[in-house]
Amino acid sequence: MSEDSFQMDDGWLVFHPDPSKPDFPVPAGAVDAHCHVFGPGEIFPYAPTRKYTPCDASKEKLWALRDHLGFERNVIVQATCHGADNRALVDALEDSQGRARGVATVTRDIRDDELQQLHTAGVRGVRFNFVKRLVDVLPRDTLVEMAERLKPFGWHLVIYVESQDLPELSDFFASLPGTIVFDHMARPDVSKAVEGEAFDLFIRMLVENQDMWAKVSCPDRLSVSGPPGYEDVVPFAKRVVETIPDRVLWGTDWPHPNLKSHMPDDGKLVDYIPKIAASEELQRKLLVDNPMRLYWPEENR
Ligand code: 0GY
């Protein structure tokens with residue numbers, strides 16, 4: 001990939017201009033199941049309520065990264081910087097020739113015909129952000145209401161929450177109908193024990209609730225030891241992959257919004273996959289079978 005118009009904004013890092021080619025060859029049909037498109041801001045303005053301004057990250061650059069890393073498909077996730085304005089997401093889905101599906105953010109005043117339009121564009125889930133630094137109001141009531149309304153569409157819920165908030169929210173999440181996907185393993189504190197009380201709670205939730213899934217993504221956000229290996233995150237992700245191999249997803253998180261510490265090399269992130277999914281079978285489930293079942297069920301794997 002070559003660098004052209006990367007623009008820096010206030011202190012947040014822009015995505016890696018020239019990610020390495022991964023050593024790990026992802027299996028045929030692999031899906032990058034957590035990534036974003038942002039802007040361009042002049043066409044798809046960022047939300048006034050946003051807590052950070054990302055760099056513009058176009059669909060064209062996402063497709064180029066997909067091809068460079070060896071993936072075939074993307075799941076594009078709406079981030080808080082675009083609020084509930086899903087136009088950039090829909091624009092990318094419509095451009096993808098069926099190779100991308102989406103997770104939107106909606107407010108409770110959305111009409112059913114608007115949900116249907118999102119479905120036609122390729123949206124298959126709605127994201128609810130419980131990370132307090134990213135939202136002004138926790139979307140608890142909206143989540144309850146929307147979980148019912150989304151049932152006829154067959155969509156799932158995606159929840160972004162931090163591990164310290166799980167003890168008070170876990171029963172609430174367990175009471176919701178349908179499939180729930182937790183972003184980034186609900187952000188464990190990886191300085192704590194992988195077999196410790198906090199992570200045990202998350203694992204227990206996943207085991208007891210067969211409709212709960214987890215993304216084993218974003219070691220770069222969770223690591224204290226840092227790149228390139230993100231070694232301290234490996235045991236956490238490995239434990240999730242080995243406990244619920246049929247309900248895990250992986251994604252690059254490109255363009256890695258809202259990061260100030262370092263910008264990951266996406267090629268190196270792909271090389272992290274075999275450390276957390278050691279066998280070919282686990283890798284195929286994580287990268288192909290599971291995301292295909294959730295996002296392209298009509299292809300019937
Ligand atoms: C991510 C992580 C972050 C941001 C968002 O919606 C968002 O703004 O998800 C974060 O700041 O941890 O998955 O992109």
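None of the figures in this text is laboratory data; all of them are computed from the coordinates on show. Model, not experiment: these values are computed from the prediction. Methodologically, a virtual Cβ is constructed for each residue, glycine included, from the backbone with ideal geometry; neighbour enumeration extends over all protein chains shown.
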**Asked** What spacing in nm lies between the two simple spin-label points modelled at Arg111 and Lys151, each 7 Å away from Cα in the Cβ direction?
**Response** 2.4
**Item:** Reachable lysines, given that their alpha-carbon falls under 22 Å from the alpha-carbon of Lys61 and they are not under 8 places away in the same chain
**Value:** Lys21, Lys260, Lys268
**Prompt:** In nanometres, what is the gap between the two model label sites at Asp91 and Ser261, each 7 Å from Cα along Cα-to-Cβ?
**Reply:** 3.2
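Counting only C-alpha contacts under 8 Å and six or more residues apart, can you give the relative contact order of the range 23-166 as a whole percent?
That works out to 21 percent.
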**Item:** Cα→Cβ-extended label distance, 7 Å offset, between Ala174 and Ala64, nm
**Value:** 4.8
**Item:** Whole-Hz ³J(HN,Hα) from phi, Karplus 6.51 cos²θ - 1.76 cosθ + 1.60, for the range 214-224, glycine and proline x
**Value:** 9, 8, 9, 9, 6, x, 5, 7, 9, 6, 9
**trypsin sites (Lys or Arg not before Pro) within the range 52-156: DSSP coil, no more than 11 neighbouring Cβ in 10 Å** = Arg111, Arg133
**Message:** Please enumerate, by chain and number, the aspartates and glutamates with C-alpha under 17 Å from the C-alpha of Lys192, excluding those fewer than 8 residues away in the same chain.
**Reply:** Glu162, Asp165, Asp200, Asp220, Glu231, Asp232
**Item:** Order of Ile276, Ile203 - criterion: other Cβ atoms within 10 Å of each residue's Cβ, fewest first
**Value:** Ile203, Ile276
**Asked** Of Gly196, Pro257, Leu287, which is farthest on the positive side of the dipole of the chain, counting Cα position, with +1 on Lys and Arg Cβ, -1 on Asp and Glu Cβ, and the Cα centre as origin?
**Response** Gly196
**Prompt:** In percent, what relative contact order does the chain have, based on Cα pairs under 8 Å that are 6 or more apart in sequence?
**Reply:** 22
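What fraction of the Cα pairs in the range 222-301, stated in percent, has a spacing above 23 angstrom?
Working: 817 of 3160 pairs.
Summing the P(r) of the range 222-301 above 23 Å gives 26 percent of all pairs.
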**Request:** Of the options Thr53, Gly226, Met205, report the single residue whose Cα projects farthest towards the positive end of the charge dipole of the chain (beta-carbon charges: Lys, Arg +1; Asp, Glu -1).
**Result:** Met205
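Could you give the dipole magnitude of the chain about its Cα centre, charging the beta-carbon of Lys and Arg +1 and that of Asp and Glu -1, in debye to the nearest 20? All intermediate terms of the calculation are to be shown ahead of the outcome.
Details: 34 positive and 49 negative charges, 62 e Å.
It comes to approximately 300 debye.
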**log10 of Debye I(q)/I(0), alpha-carbon scatterers only, for the chain at 0.12, 0.15 Å⁻¹** = -0.73, -1.24
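Write out the GluC sites (Glu not before Pro) in the range 121-222 meeting two conditions: DSSP loop, and at most 12 other Cβ atoms within 10 Å of their Cβ.
Details: sites: Glu145, Glu148, Glu162, Glu168, Glu195, Glu197, Glu208; in loops: Glu162, Glu195.
Sparse-neighbourhood loop GluC sites (Glu not before Pro): Glu195.
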**Message:** Just to be sure I understand: of the beta bridges DSSP finds with both ends in the range 1-157, what percent are antiparallel, rounded to 5?
**Reply:** 10
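At 37 °C and 0.692 mPa s, what whole-number value in µm²/s does Stokes-Einstein give for the translational diffusion of the range 151-290, with Rh from the Kirkwood sum over Cα pairs?
On the way: Rh = 15.3 Å.
My calculation gives 214 µm²/s for D.
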